[in-house]
Amino acid sequence: PTAAPAPSKTAINLPMVEKGDAQAVVFGYVDDATQADKVKFKNYVAGSACSNCALYQGKAGDDAGGCPLFAGKNVAAKGWCASWAKKA
Ligand code: SF4
């Protein structure tokens, strides 16, 4: 039997937000911050990602974590959306 893929490292195992999710489209979420639509979202700051966003609930080193904008799902640590706010 083939081994199941290892789950992404995360404190809370939730389904990942997908780029095409309605909510993801509203917030311009991408699972790779470098793929953010920088033309549409002028607030994009180089180097910003969910992992350094004030709303991100994952722990340092996690691959994914919760975000209040996407209830019941995880966002990628390397992801980004237009509501990104610098972690204090
Ligand atoms: Fe990621 Fe922050 Fe947007 Fe949530 S609000 S998806 S943690 S950038």
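Of the residues in the range 58-68, how many are part of a loop (DSSP other than H, G, I, E, B), within 11 Å of the ligand (Cβ to nearest atom) and crowded, with 17+ Cβ neighbours inside 10 Å? Within the range 58-68, residues that are part of a loop (DSSP other than H, G, I, E, B), within 11 Å of the ligand (Cβ to nearest atom) and crowded, with 17+ Cβ neighbours inside 10 Å number 2.
Residues in the range 18-30 that are assigned to a loop (DSSP other than H, G, I, E, B) and modelled with pLDDT of 95 or more: G28, Y29.
So if I check each of A82, A36, which one is within 19 Å of E18 (Cα to Cα), buried (at least 21 other Cβ atoms within 10 Å of the Cβ) and over 10 Å from the mean Cα position of the chain (by Cα)? Steps first, please.
Numbers: A82 fails: buried (at least 21 other Cβ atoms within 10 Å of the Cβ).
None of the others qualify; the one that does is A36.
The values are calculated or read from the model by the stated rules, or taken from the named source; none is laboratory data. Worth saying up front: this structure is predicted, and the values here are computed from it rather than measured. Glycine also receives a Cβ, built like all others from the backbone with ideal geometry; neighbour counts cover every protein chain displayed.
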